[in-house]
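This report concerns only the one structure given below.
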Amino acid sequence: MPYRAPRGTVDILPEEQAYWRYIEQKVIHITQLYGYERIDNPVFEDAGLFVRSVGEGTDIVQKEMYTFTDRSGSPLTLRPEGTASVCRAYLEHGMDNLPQPVKLYYIAPIFRYERPQAGRYRQHHQFGYEAIGDDDPALDAEVIDMAWRFCHALGLGQLTLQLNSIGCRQCRPAYLAALKDYYAANGGNLCADCTTRLQRNPLRLLDCKQATCQPVADAAPRSLDHLCSPCAEHFGNLRRYLELLGLPLVLNHRLVRGLDYYTRTVFEVQPAVEGAQSTLGGGGRYDDLIAELGGRPTPAIGFATGIERLSLNLKRQKVAVPALPKPGVFIVYADEKSREEAVKLAAALRQAGVSAVQAFGVRSLKSQLRQANTLAIRYTVIIGEAELKTGTVVLRDMSTAEQKTVPISQLVSLLHAVNL
Ligand code: HAM
(Lines give C-alpha, C1' and ligand atoms only; values in the text may rest on other atoms or scores of the structure.)
Protein backbone atom coordinates (compact mmCIF):
# COMPACT_ATOMS: atom_id res chain seq x y z
CA MET A 1 0.00 0.00 0.00
CA PRO A 2 1.81 3.17 -1.11
CA TYR A 3 -0.02 5.56 1.21
CA ARG A 4 0.02 5.84 4.97
CA ALA A 5 -1.24 8.56 7.29
CA PRO A 6 1.36 11.37 7.33
CA ARG A 7 3.99 11.04 10.08
CA GLY A 8 2.70 12.37 13.38
CA THR A 9 -0.97 12.01 12.41
CA VAL A 10 -3.36 9.24 13.42
CA ASP A 11 -6.67 7.89 12.23
CA ILE A 12 -9.23 8.01 14.99
CA LEU A 13 -10.74 4.59 14.38
CA PRO A 14 -14.23 3.46 15.44
CA GLU A 15 -12.89 1.65 18.54
CA GLU A 16 -11.32 4.93 19.70
CA GLN A 17 -14.50 6.95 19.20
CA ALA A 18 -16.09 6.00 22.54
CA TYR A 19 -13.33 7.99 24.29
CA TRP A 20 -13.83 10.97 22.01
CA ARG A 21 -17.60 10.97 22.39
CA TYR A 22 -17.21 10.68 26.18
CA ILE A 23 -14.80 13.65 26.28
CA GLU A 24 -17.02 15.72 23.96
CA GLN A 25 -20.02 15.09 26.16
CA LYS A 26 -18.09 16.20 29.24
CA VAL A 27 -17.01 19.30 27.28
CA ILE A 28 -20.61 20.12 26.42
CA HIS A 29 -21.63 19.67 30.04
CA ILE A 30 -18.84 21.67 31.67
CA THR A 31 -18.96 24.57 29.20
CA GLN A 32 -22.68 24.85 29.79
CA LEU A 33 -22.14 24.80 33.58
CA TYR A 34 -19.66 27.69 33.39
CA GLY A 35 -21.52 29.67 30.73
CA TYR A 36 -19.36 29.24 27.62
CA GLU A 37 -20.64 29.33 24.04
CA ARG A 38 -19.08 27.40 21.19
CA ILE A 39 -17.07 29.01 18.41
CA ASP A 40 -15.59 27.31 15.36
CA ASN A 41 -12.83 29.13 13.51
CA PRO A 42 -11.19 28.34 10.17
CA VAL A 43 -8.49 25.70 10.17
CA PHE A 44 -6.11 28.18 8.52
CA GLU A 45 -5.52 31.88 9.09
CA ASP A 46 -3.16 34.57 7.88
CA ALA A 47 0.31 33.44 8.92
CA GLY A 48 0.89 36.87 10.48
CA LEU A 49 -1.83 36.31 13.06
CA PHE A 50 0.15 33.51 14.70
CA VAL A 51 3.56 35.12 14.31
CA ARG A 52 2.17 38.20 16.04
CA SER A 53 0.34 36.43 18.84
CA VAL A 54 2.30 33.24 19.60
CA GLY A 55 5.54 35.18 19.22
CA GLU A 56 8.47 35.33 16.81
CA GLY A 57 10.89 33.69 19.24
CA THR A 58 8.77 30.67 20.17
CA ASP A 59 9.41 27.10 19.04
CA ILE A 60 5.97 27.11 17.46
CA VAL A 61 6.72 30.03 15.13
CA GLN A 62 10.39 29.17 14.61
CA LYS A 63 10.05 25.47 13.88
CA GLU A 64 6.54 24.11 13.97
CA MET A 65 4.09 26.03 11.80
CA TYR A 66 2.61 24.56 8.63
CA THR A 67 2.72 27.67 6.48
CA PHE A 68 1.96 27.72 2.77
CA THR A 69 1.00 30.21 0.11
CA ASP A 70 -2.32 29.67 -1.59
CA ARG A 71 -2.91 30.22 -5.30
CA SER A 72 -3.28 33.96 -4.84
CA GLY A 73 0.07 34.10 -3.06
CA SER A 74 -1.34 34.78 0.43
CA PRO A 75 0.71 33.25 3.25
CA LEU A 76 -1.56 31.03 5.35
CA THR A 77 -0.86 28.85 8.36
CA LEU A 78 -2.69 25.77 9.63
CA ARG A 79 -3.78 26.78 13.14
CA PRO A 80 -0.95 25.87 15.60
CA GLU A 81 -3.16 26.84 18.58
CA GLY A 82 -6.67 28.15 19.17
CA THR A 83 -6.42 31.38 21.17
CA ALA A 84 -5.27 33.69 18.38
CA SER A 85 -8.19 32.73 16.11
CA VAL A 86 -10.72 33.30 18.88
CA CYS A 87 -9.26 36.75 19.59
CA ARG A 88 -9.26 37.58 15.89
CA ALA A 89 -12.93 36.59 15.67
CA TYR A 90 -13.75 38.53 18.87
CA LEU A 91 -12.44 41.68 17.22
CA GLU A 92 -13.74 40.97 13.73
CA HIS A 93 -17.30 40.45 14.98
CA GLY A 94 -17.41 43.37 17.40
CA MET A 95 -17.73 41.14 20.46
CA ASP A 96 -16.04 43.90 22.44
CA ASN A 97 -19.48 45.56 22.38
CA LEU A 98 -21.10 42.61 24.16
CA PRO A 99 -21.31 42.28 27.95
CA GLN A 100 -17.83 41.25 29.13
CA PRO A 101 -16.30 38.80 29.64
CA VAL A 102 -17.22 37.01 26.44
CA LYS A 103 -16.78 33.28 27.10
CA LEU A 104 -16.08 31.04 24.12
CA TYR A 105 -14.93 27.45 23.71
CA TYR A 106 -13.79 25.28 20.82
CA ILE A 107 -12.85 21.74 19.92
CA ALA A 108 -10.48 22.03 17.02
CA PRO A 109 -7.68 20.29 15.13
CA ILE A 110 -4.28 21.89 15.79
CA PHE A 111 -1.15 21.48 13.64
CA ARG A 112 2.44 21.59 14.86
CA TYR A 113 5.46 20.16 13.09
CA GLU A 114 6.86 18.43 16.18
CA ARG A 115 8.90 15.28 16.72
CA PRO A 116 6.12 12.70 17.09
CA GLN A 117 5.98 10.43 20.16
CA ALA A 118 3.31 9.07 22.50
CA GLY A 119 0.97 11.95 23.28
CA ARG A 120 2.66 14.30 20.82
CA TYR A 121 1.42 14.54 17.26
CA ARG A 122 1.66 16.80 14.25
CA GLN A 123 -2.09 17.02 14.15
CA HIS A 124 -3.83 16.94 17.50
CA HIS A 125 -7.14 18.26 18.81
CA GLN A 126 -7.72 20.74 21.57
CA PHE A 127 -10.62 21.57 23.77
CA GLY A 128 -9.94 25.17 24.66
CA TYR A 129 -11.86 28.05 26.16
CA GLU A 130 -11.27 31.77 26.42
CA ALA A 131 -12.85 34.39 28.71
CA ILE A 132 -12.19 37.76 27.13
CA GLY A 133 -12.78 41.21 28.62
CA ASP A 134 -12.09 41.18 32.36
CA ASP A 135 -9.00 41.19 34.55
CA ASP A 136 -10.70 40.23 37.82
CA PRO A 137 -8.62 37.52 39.54
CA ALA A 138 -11.96 35.86 40.36
CA LEU A 139 -12.19 35.14 36.63
CA ASP A 140 -8.72 33.55 36.70
CA ALA A 141 -9.92 31.40 39.59
CA GLU A 142 -13.05 30.39 37.68
CA VAL A 143 -11.05 29.48 34.55
CA ILE A 144 -8.61 27.40 36.61
CA ASP A 145 -11.44 25.81 38.57
CA MET A 146 -13.15 24.80 35.32
CA ALA A 147 -9.95 23.13 34.02
CA TRP A 148 -9.53 21.24 37.28
CA ARG A 149 -13.18 20.17 37.54
CA PHE A 150 -13.23 19.14 33.89
CA CYS A 151 -10.32 16.74 34.35
CA HIS A 152 -11.96 15.28 37.43
CA ALA A 153 -15.39 15.05 35.78
CA LEU A 154 -13.69 12.81 33.22
CA GLY A 155 -12.70 10.51 36.05
CA LEU A 156 -8.99 11.35 35.98
CA GLY A 157 -7.14 11.39 39.27
CA GLN A 158 -3.65 11.95 40.67
CA LEU A 159 -3.34 15.32 38.99
CA THR A 160 -1.50 18.40 40.13
CA LEU A 161 -2.43 21.99 39.46
CA GLN A 162 0.62 24.14 38.92
CA LEU A 163 0.54 27.89 39.12
CA ASN A 164 2.83 30.85 38.55
CA SER A 165 2.63 34.52 37.68
CA ILE A 166 5.03 35.87 35.07
CA GLY A 167 4.15 39.54 35.54
CA CYS A 168 3.25 42.15 33.00
CA ARG A 169 4.85 44.63 30.62
CA GLN A 170 5.77 46.85 33.55
CA CYS A 171 7.56 44.34 35.74
CA ARG A 172 8.75 41.68 33.32
CA PRO A 173 11.66 43.59 31.71
CA ALA A 174 13.40 43.98 35.09
CA TYR A 175 12.78 40.31 35.83
CA LEU A 176 14.17 39.22 32.47
CA ALA A 177 17.23 41.38 33.07
CA ALA A 178 17.76 39.66 36.45
CA LEU A 179 17.30 36.26 34.78
CA LYS A 180 19.81 37.05 32.07
CA ASP A 181 22.36 38.37 34.58
CA TYR A 182 21.94 35.23 36.63
CA TYR A 183 22.40 32.96 33.60
CA ALA A 184 25.37 34.98 32.38
CA ALA A 185 27.00 34.41 35.77
CA ASN A 186 25.89 30.81 36.38
CA GLY A 187 25.06 29.18 33.06
CA GLY A 188 28.58 27.89 32.24
CA ASN A 189 27.50 24.72 30.40
CA LEU A 190 24.03 25.40 29.07
CA CYS A 191 22.55 23.14 26.38
CA ALA A 192 22.50 24.49 22.83
CA ASP A 193 18.80 25.39 23.05
CA CYS A 194 19.31 27.38 26.24
CA THR A 195 22.20 29.29 24.69
CA THR A 196 19.76 30.43 21.98
CA ARG A 197 16.99 31.07 24.53
CA LEU A 198 19.30 33.32 26.55
CA GLN A 199 19.43 35.61 23.53
CA ARG A 200 15.99 35.15 22.07
CA ASN A 201 13.51 34.16 24.79
CA PRO A 202 15.10 34.14 28.26
CA LEU A 203 11.87 33.18 30.04
CA ARG A 204 11.96 29.79 28.30
CA LEU A 205 15.32 29.03 29.97
CA LEU A 206 13.25 27.97 32.99
CA ASP A 207 11.33 25.46 30.89
CA CYS A 208 14.39 23.47 29.73
CA LYS A 209 14.09 19.68 30.09
CA GLN A 210 17.84 18.87 29.63
CA ALA A 211 19.31 17.26 32.75
CA THR A 212 22.41 19.48 32.73
CA CYS A 213 20.33 22.67 32.82
CA GLN A 214 18.15 21.64 35.79
CA PRO A 215 20.25 22.86 38.73
CA VAL A 216 20.77 26.28 37.13
CA ALA A 217 17.06 26.66 36.28
CA ASP A 218 15.98 25.49 39.76
CA ALA A 219 18.04 28.15 41.48
CA ALA A 220 17.17 30.94 39.02
CA PRO A 221 15.50 34.17 40.17
CA ARG A 222 11.72 33.75 40.53
CA SER A 223 9.22 35.89 38.70
CA LEU A 224 7.03 35.99 41.82
CA ASP A 225 9.81 37.92 43.59
CA HIS A 226 9.85 40.53 40.81
CA LEU A 227 6.15 41.33 40.37
CA CYS A 228 5.06 44.97 40.38
CA SER A 229 2.49 45.78 43.04
CA PRO A 230 -0.64 45.47 40.81
CA CYS A 231 0.59 42.03 39.61
CA ALA A 232 1.45 40.96 43.15
CA GLU A 233 -1.97 42.06 44.34
CA HIS A 234 -3.66 40.24 41.45
CA PHE A 235 -1.75 37.07 42.26
CA GLY A 236 -2.48 37.36 45.98
CA ASN A 237 -6.20 37.71 45.29
CA LEU A 238 -6.13 34.81 42.85
CA ARG A 239 -4.56 32.57 45.51
CA ARG A 240 -7.23 33.62 47.97
CA TYR A 241 -10.01 32.73 45.50
CA LEU A 242 -8.37 29.40 44.67
CA GLU A 243 -8.20 28.63 48.36
CA LEU A 244 -11.87 29.52 48.72
CA LEU A 245 -12.60 27.02 45.97
CA GLY A 246 -10.45 24.40 47.70
CA LEU A 247 -8.10 23.89 44.77
CA PRO A 248 -4.86 22.15 45.75
CA LEU A 249 -2.44 24.31 43.81
CA VAL A 250 1.32 23.89 43.66
CA LEU A 251 3.43 26.98 43.01
CA ASN A 252 5.94 26.26 40.28
CA HIS A 253 8.32 29.12 39.66
CA ARG A 254 9.64 27.41 36.53
CA LEU A 255 6.22 27.34 34.88
CA VAL A 256 6.40 29.84 31.99
CA ARG A 257 4.42 28.26 29.07
CA GLY A 258 5.55 28.03 25.47
CA LEU A 259 3.67 30.93 23.90
CA ASP A 260 4.70 34.58 24.20
CA TYR A 261 1.32 36.19 24.75
CA TYR A 262 0.99 35.28 28.43
CA THR A 263 0.91 37.87 31.19
CA ARG A 264 0.46 37.37 34.94
CA THR A 265 -1.33 34.06 35.65
CA VAL A 266 -0.03 30.87 34.03
CA PHE A 267 -1.13 27.39 35.04
CA GLU A 268 -0.97 23.75 33.98
CA VAL A 269 -2.63 20.49 34.89
CA GLN A 270 -0.08 17.69 35.17
CA PRO A 271 -0.77 13.96 35.53
CA ALA A 272 1.15 11.82 38.05
CA VAL A 273 3.10 10.02 35.30
CA GLU A 274 6.15 12.14 34.64
CA GLY A 275 7.50 12.98 31.23
CA ALA A 276 8.17 15.88 28.95
CA GLN A 277 5.01 15.27 26.97
CA SER A 278 2.74 14.63 29.88
CA THR A 279 1.09 18.03 30.43
CA LEU A 280 -2.64 17.50 30.24
CA GLY A 281 -3.50 21.11 29.67
CA GLY A 282 -2.30 24.63 30.19
CA GLY A 283 -3.36 28.21 29.98
CA GLY A 284 -3.08 31.64 31.42
CA ARG A 285 -3.78 35.34 31.06
CA TYR A 286 -3.00 37.24 27.91
CA ASP A 287 -3.91 40.82 28.76
CA ASP A 288 -1.98 42.42 25.87
CA LEU A 289 -3.00 40.14 23.01
CA ILE A 290 -6.24 41.80 21.90
CA ALA A 291 -4.49 45.19 21.72
CA GLU A 292 -1.57 43.54 19.85
CA LEU A 293 -4.12 42.43 17.26
CA GLY A 294 -5.50 45.95 16.84
CA GLY A 295 -8.25 46.10 19.47
CA ARG A 296 -8.68 48.26 22.54
CA PRO A 297 -6.65 47.02 25.53
CA THR A 298 -8.72 44.02 26.68
CA PRO A 299 -7.64 41.57 29.35
CA ALA A 300 -8.34 37.87 28.80
CA ILE A 301 -7.56 34.40 30.08
CA GLY A 302 -7.99 30.87 28.75
CA PHE A 303 -6.99 27.23 28.85
CA ALA A 304 -6.62 24.33 26.43
CA THR A 305 -6.15 20.59 26.74
CA GLY A 306 -5.32 17.96 24.12
CA ILE A 307 -8.07 15.42 23.47
CA GLU A 308 -5.50 12.75 22.53
CA ARG A 309 -3.69 13.26 25.83
CA LEU A 310 -6.94 13.08 27.75
CA SER A 311 -7.81 9.86 25.97
CA LEU A 312 -4.32 8.44 26.69
CA ASN A 313 -4.69 9.26 30.38
CA LEU A 314 -8.20 7.80 30.53
CA LYS A 315 -6.71 4.54 29.24
CA ARG A 316 -3.67 4.69 31.51
CA GLN A 317 -5.90 5.24 34.51
CA LYS A 318 -8.33 2.57 33.29
CA VAL A 319 -11.33 4.87 33.37
CA ALA A 320 -14.26 2.96 31.87
CA VAL A 321 -16.08 5.00 29.25
CA PRO A 322 -19.61 4.14 28.11
CA ALA A 323 -19.73 2.03 24.95
CA LEU A 324 -21.26 3.72 21.94
CA PRO A 325 -24.76 2.52 21.03
CA LYS A 326 -24.87 -0.23 18.42
CA PRO A 327 -27.74 -1.06 16.09
CA GLY A 328 -30.31 -3.14 17.95
CA VAL A 329 -31.35 -5.36 15.09
CA PHE A 330 -29.64 -7.27 12.30
CA ILE A 331 -31.91 -8.51 9.51
CA VAL A 332 -31.04 -11.67 7.62
CA TYR A 333 -32.96 -13.38 4.83
CA ALA A 334 -33.16 -16.79 3.20
CA ASP A 335 -33.62 -15.97 -0.48
CA GLU A 336 -34.18 -13.32 -3.13
CA LYS A 337 -37.86 -12.82 -2.28
CA SER A 338 -37.28 -12.44 1.42
CA ARG A 339 -34.42 -10.01 0.70
CA GLU A 340 -37.06 -7.60 -0.67
CA GLU A 341 -38.90 -7.96 2.62
CA ALA A 342 -35.64 -7.33 4.50
CA VAL A 343 -35.07 -4.06 2.61
CA LYS A 344 -38.62 -2.92 3.42
CA LEU A 345 -38.40 -4.04 7.04
CA ALA A 346 -35.05 -2.25 7.66
CA ALA A 347 -36.59 1.00 6.37
CA ALA A 348 -39.75 0.52 8.45
CA LEU A 349 -37.76 -0.17 11.64
CA ARG A 350 -35.61 2.96 11.16
CA GLN A 351 -38.72 5.04 10.58
CA ALA A 352 -40.05 3.74 13.86
CA GLY A 353 -36.78 4.82 15.52
CA VAL A 354 -35.26 1.35 15.83
CA SER A 355 -31.62 1.24 14.73
CA ALA A 356 -31.38 -1.62 12.23
CA VAL A 357 -28.84 -2.99 9.77
CA GLN A 358 -29.27 -5.77 7.26
CA ALA A 359 -27.21 -8.35 5.46
CA PHE A 360 -26.44 -7.80 1.78
CA GLY A 361 -25.75 -10.00 -1.20
CA VAL A 362 -26.37 -13.65 -1.83
CA ARG A 363 -25.09 -15.52 1.22
CA SER A 364 -26.18 -18.48 3.26
CA LEU A 365 -28.30 -17.87 6.33
CA LYS A 366 -25.49 -19.38 8.39
CA SER A 367 -22.94 -16.87 7.17
CA GLN A 368 -25.36 -13.97 7.72
CA LEU A 369 -25.96 -15.15 11.30
CA ARG A 370 -22.21 -15.39 11.82
CA GLN A 371 -21.96 -11.75 10.76
CA ALA A 372 -24.69 -10.81 13.26
CA ASN A 373 -22.66 -12.53 15.98
CA THR A 374 -19.43 -10.76 15.03
CA LEU A 375 -21.17 -7.39 15.09
CA ALA A 376 -22.48 -8.23 18.59
CA ILE A 377 -25.95 -6.97 17.73
CA ARG A 378 -28.61 -7.83 20.28
CA TYR A 379 -31.36 -9.20 18.05
CA THR A 380 -31.46 -10.84 14.68
CA VAL A 381 -34.61 -10.84 12.60
CA ILE A 382 -34.78 -13.79 10.19
CA ILE A 383 -37.03 -13.76 7.13
CA GLY A 384 -37.58 -16.90 5.06
CA GLU A 385 -40.15 -18.40 2.75
CA ALA A 386 -42.40 -19.61 5.60
CA GLU A 387 -42.37 -16.20 7.29
CA LEU A 388 -43.21 -14.44 4.03
CA LYS A 389 -46.27 -16.62 3.64
CA THR A 390 -47.54 -16.02 7.18
CA GLY A 391 -46.60 -12.33 7.57
CA THR A 392 -44.23 -13.19 10.40
CA VAL A 393 -40.50 -13.01 11.18
CA VAL A 394 -38.26 -14.97 13.51
CA LEU A 395 -36.83 -12.80 16.28
CA ARG A 396 -33.63 -14.22 17.76
CA ASP A 397 -32.02 -12.95 20.95
CA MET A 398 -28.33 -13.32 20.13
CA SER A 399 -27.16 -13.51 23.74
CA THR A 400 -29.44 -16.43 24.70
CA ALA A 401 -30.01 -17.92 21.22
CA GLU A 402 -33.71 -17.97 22.12
CA GLN A 403 -35.95 -17.36 19.15
CA LYS A 404 -39.64 -16.94 18.53
CA THR A 405 -41.93 -16.32 15.58
CA VAL A 406 -43.75 -13.00 15.77
CA PRO A 407 -46.22 -11.23 13.47
CA ILE A 408 -44.37 -8.57 11.50
CA SER A 409 -47.06 -6.07 12.53
CA GLN A 410 -46.03 -6.49 16.19
CA LEU A 411 -42.27 -6.33 15.70
CA VAL A 412 -41.85 -2.60 16.36
CA SER A 413 -43.80 -2.64 19.61
CA LEU A 414 -41.93 -5.75 20.77
CA LEU A 415 -38.59 -4.05 20.08
CA HIS A 416 -39.71 -0.81 21.75
CA ALA A 417 -40.67 -2.90 24.77
CA VAL A 418 -37.04 -4.03 25.11
CA ASN A 419 -35.82 -0.43 24.79
CA LEU A 420 -34.82 -0.52 21.15
P1 HAM B 1 -0.42 24.58 24.72
O2 HAM B 1 0.15 24.30 26.09
O3 HAM B 1 0.54 24.80 23.65
O4 HAM B 1 -1.38 25.82 24.90
O5 HAM B 1 -1.37 23.39 24.31
C6 HAM B 1 -2.45 23.00 25.12
C7 HAM B 1 -2.52 21.49 25.26
O8 HAM B 1 -2.62 20.89 23.97
C9 HAM B 1 -1.30 20.82 25.86
O10 HAM B 1 -1.32 20.87 27.27
C11 HAM B 1 -1.46 19.40 25.37
O12 HAM B 1 -2.43 18.70 26.13
C13 HAM B 1 -2.03 19.62 23.99
N14 HAM B 1 -0.96 19.56 22.97
C15 HAM B 1 -0.12 20.55 22.61
N16 HAM B 1 0.71 20.12 21.63
C17 HAM B 1 0.36 18.85 21.37
C18 HAM B 1 0.83 17.86 20.44
N19 HAM B 1 1.81 18.12 19.57
N20 HAM B 1 0.24 16.65 20.44
C21 HAM B 1 -0.77 16.37 21.29
N22 HAM B 1 -1.26 17.26 22.18
C23 HAM B 1 -0.70 18.48 22.23
C24 HAM B 1 -2.07 26.42 23.89
O25 HAM B 1 -2.14 25.99 22.78
C26 HAM B 1 -2.80 27.65 24.33
N27 HAM B 1 -3.55 28.18 23.17
C28 HAM B 1 -3.72 27.36 25.50
C29 HAM B 1 -4.45 28.58 25.95
C30 HAM B 1 -5.76 28.86 25.69
N31 HAM B 1 -3.95 29.60 26.61
C32 HAM B 1 -4.90 30.51 26.78
N33 HAM B 1 -5.99 30.09 26.22
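The values are calculated or read from the model by the stated rules, or taken from the named source; none is laboratory data. None of these values were measured; they are calculated from a predicted model. Here Cβ is always computed from backbone atoms with ideal geometry, including for glycine, and neighbour counts include all displayed protein chains. Areas reflect the complete protein model, heavy atoms only, side chains present, ligands, DNA and RNA absent. Shrake-Rupley method; radii C 1.70, N 1.55, O 1.52, S 1.80 Å.
Calculated FRET efficiency, Leu414 and Asn373, Cβ-Cβ r, R0 22 Å, to nearest 0.05? The value I calculate is 0.55.
May I ask for the longest run of the chain untouched by GluC sites (Glu not before Pro) that are loop-located per DSSP and have at most 13 neighbouring C-beta atoms (other than their own) within 10 Å? In short, 57-273.
Taking the range 206-280, which trypsin sites (Lys or Arg not before Pro) meet the DSSP loop condition and have no more than 12 other C-beta atoms within 10 Å?
Of the trypsin sites (Lys or Arg not before Pro), the ones in loops of the range 206-280 whose Cβ has at most 12 other Cβ atoms within 10 Å are Lys209.
Each label point was placed 7 Å from the Cα along the Cα-to-Cβ direction; for Ala184 and Ser399 their separation is 7.3 nm. Taking all protein chains into account, the per residue accessible area for the range 178-289 stands at 45 Å² (1.4 Å probe). The distance separating the Cα centre of the range 300-336 from that of the range 224-260 comes to 36 Å. Look at the alpha carbon pairs under 8 Å that are at least 6 residues apart: their mean separation over the length of the chain gives a relative contact order of 15 percent. Between Glu24 and Val250, the simple label model (points 7 Å from Cα in the Cβ direction) yields a spacing of 3.4 nm. Got a number for carbon plus sulfur as a percent of the chain's accessible area, 1.4 Å probe? Carbon with sulfur: 52 percent of the solvent-accessible area. Taking the charge dipole of the range 61-168 about its Cα centre, with +1 at Lys and Arg Cβ atoms and -1 at Asp and Glu Cβ atoms, the residue from Asn97, Pro80, Pro116 reaching farthest to the positive side is Pro116. Applying a length cut-off of 15 Å (Cα extent along the axis) and a mean Kyte-Doolittle floor of -1.0 to the DSSP H helices of the chain leaves 17-33, 137-153, 172-186, 229-244, 336-351. Ordering Thr160, Ala359, Leu293 by Cα displacement along the dipole of the chain toward the positive end leaves Ala359 in first place; charges were set at the Cβ atoms of Lys, Arg (+1) and Asp, Glu (-1). A Gaussian network model of the chain, with springs between Cα atoms under 10 Å, assigns the largest mean-square fluctuation among Ala220, Ala192, Ala272 to Ala192. Residues of the range 97-138 with backbone nitrogen within less than 19 Å of a virtual label 7 Å along the Cα-to-Cβ line of Ala153, please, listed as ranges. Output list for this probe position: 102-108, 126-132. Charged side chains reduced to their Cβ positions (Lys and Arg at +1, Asp and Glu at -1) give the range 329-417 a dipole of some 160 debye around its Cα centre. Ligands, DNA and RNA aside, Val250 has an accessible area near 60 Å² when probed at 1.4 Å.
For the chain, the 222 nm mean residue ellipticity estimated from helices alone, with every DSSP H stretch of n ≥ 4 adding -39500 (n - 2.57) and the total spread over all residues, rounds to -10500 deg cm²/dmol.
Quick check: from the Cα gyration tensor, does the range 130-281 come out rounded (a/c under 1.5), prolate or oblate? Oblate, because a/c is 1.5 or more while a/b does not exceed b/c. Remark: the range 1-108 carries 57 Å² of accessible area per residue (probe radius 1.4 Å; ligands, DNA and RNA excluded). The residues of the range 329-417 expose on average 55 square angstrom of accessible surface per residue, using a 1.4 Å probe on protein heavy atoms. The charge dipole of the chain, taken about the Cα centre with unit charges on the Cβ atoms of Lys, Arg (+1) and Asp, Glu (-1), comes to about 1240 debye, rounded to the nearest 20. Packing around the peptides 47-55, 182-190, taken as the average count of other Cβ atoms within 10 Å per residue, puts them in this order, highest first: 47-55, 182-190.
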